[in-house]
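Visitor: A single structure is presented below for examination.
Rule-based calculations on the coordinates, nothing more; no lab input. All values derive from a computational prediction rather than experimental measurement. Here Cβ is always computed from backbone atoms with ideal geometry, including for glycine, and neighbour counts include all displayed protein chains.
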């Protein structure tokens, strides 16, 4: 069973449907006992970093998610959920994340040439970095995935497992052991996205 | 590298797609779910569902179908038609829409874009404008292109983007249905006025029209069409293969 963390952020309809489409049993929950019993955990999210981080903290989920991720259970952050894995975000100020992966979330603006539009929105190709990640088990280098974002993960080079070219190399996905993060939306990336979710839901904890 | 997007638009009335022909392997051509799956498998980069239903029963049917589609089609879905309030945004987003396009609703209530963008984010709000030349000036039309609002189009679109619209669909009434190509002059004017993605609509008649669009106007991000895809005049897989051949960044 894969658990989607429910903390009142974003629309979980498509994520839930896509996980079902790859044959996973899915539960959407904020209940720590259910999260503990899940085989894998997904932290979703769209919207503003500050608001999402606050919701995680105030619901008491932050600490619980940190200890679950550190316990070795496969853990995947998607979009804002990926950004929350980092130490800090500089989206409208300076805000603390979960600190599960070293690095910071910074605005794309200023990193890419001026003629590039912000947000980075649309289909872009993945360039795998380092050893092929188990998350990429069923997909290939150069495959296309769907992005929508104005901030990106920086200062995290050793954990980048794929990046995408948009006037600069932008972090597309990161991993540190059992903890994974995708900046793009696998649930909106057609067959490629489904294959990424399939690989994740097949992962086993330590 | 980011790719140029090809977006088929499905007009839905009372739960059925309004126009279409038989595609190989497609049992029910007027089923929005079947057609959405078919387009997705042909390489469509996004889908637009346009609700042209007038009754509240039809609206309920529309959201049911949207849910059904979002359960089996995993590419971005945009919904337009009948979006007048934030509650309408909520209704379609809960059923699996990723973006919501507003047209007449934003003209009637200029705060709608601002309120929706604040709640759901800029990336969720698309301004769709029907524009026609009147005495040499680009004017915004409402009610499906029947009513001249008197608004100057470039200023209007800039204002919508300023209020939080994250994308613009520009539908040229002058080229719509003529099938002689997109309205490059109008598109160029809009692209130079805003910094968000611009989607070209109205006028595509053949594959070359899309090639000309992307080759001439680098700033246009996507091409949208309805009837040429539904009537099988242009196959999306052929179109994308030709785009790639012409060195246009394309997801194959």
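Visitor: Can you name every residue in the stretch A:124-167 that is within 14 Å of another protein chain (Cβ to nearest Cβ), at negative phi, surrounded by 15 or more Cβ atoms within 10 Å (Cβ to Cβ) and not in a strand (DSSP E or B)?
Guide: Listed by number, the residues that qualify are A:126, A:139, A:143, A:150, A:166.
Visitor: Touching a helix residue (DSSP H, G or I) at 6+ places or on another chain (Cβ under 8 Å), over 13 Å from residue A:179 (Cβ atoms) and assigned to a strand (DSSP E or B) - does that describe any residue in the stretch A:72-91?
Guide: Yes; the residues of the stretch A:72-91 include at least one that is touching a helix residue (DSSP H, G or I) at 6+ places or on another chain (Cβ under 8 Å), over 13 Å from residue A:179 (Cβ atoms) and assigned to a strand (DSSP E or B).
Visitor: I've got another one for you. Scan the stretch B:176-188 for residues that are in contact with a strand residue (DSSP E or B) (Cβ under 9 Å, 6 or more places away or on another chain), under 14 Å from residue B:217 (Cβ atoms) and not in a helix (DSSP H, G or I) and jot them down.
Guide: Matches in the stretch B:176-188: B:182, B:183.
Visitor: Residues being more than 8 Å from chain A (Cβ to nearest Cβ) and in contact with a strand residue (DSSP E or B) (Cβ under 7 Å, 6 or more places away or on another chain): count how many of those fall in the stretch B:74-103.
Guide: Here the count works out to 15.
Visitor: Does residue A:182 count as touching a residue at least 12 places away in the same chain (Cβ under 8 Å) and surrounded by 23 or more Cβ atoms within 10 Å (Cβ to Cβ)?
Guide: Considered against the rule, which asks whether it is touching a residue at least 12 places away in the same chain (Cβ under 8 Å) and surrounded by 23 or more Cβ atoms within 10 Å (Cβ to Cβ), residue A:182 comes out as yes.
Visitor: Report the residue count in the stretch B:223-251 for those that are within 14 Å of chain A (Cβ to nearest Cβ), farther than 16 Å from residue B:181 by Cβ and out of contact with any helix residue (DSSP H, G or I) (no Cβ under 6 Å at 6 or more places or on another chain).
Guide: The number of residues fulfilling the criteria is 4.
Visitor: State all residues of the stretch A:168-190 that are in contact with a helix residue (DSSP H, G or I) (Cβ under 9 Å, 6 or more places away or on another chain) and within 12 Å of chain B (Cβ to nearest Cβ); if no residue qualifies, say none.
Guide: Scanning the stretch A:168-190 gives A:184, A:185, A:186, A:187, A:188, A:189, A:190.
Visitor: Another question about this same structure. Tell me, which residue of the stretch B:64-73 that is buried (at least 20 other Cβ atoms within 10 Å of the Cβ) and over 16 Å from the mean Cα position of the chain (by Cα) is nearest to the other protein chains (Cβ to nearest Cβ)?
Guide: Result: B:70.
Visitor: In the set A:126, A:65, A:61, A:98, which member is touching a helix residue (DSSP H, G or I) at 6+ places or on another chain (Cβ under 6 Å) and touching a residue at least 24 places away in the same chain (Cβ under 8 Å)?
Guide: Being touching a helix residue (DSSP H, G or I) at 6+ places or on another chain (Cβ under 6 Å) and touching a residue at least 24 places away in the same chain (Cβ under 8 Å) holds for just one of A:126, A:65, A:61, A:98, which is A:98.
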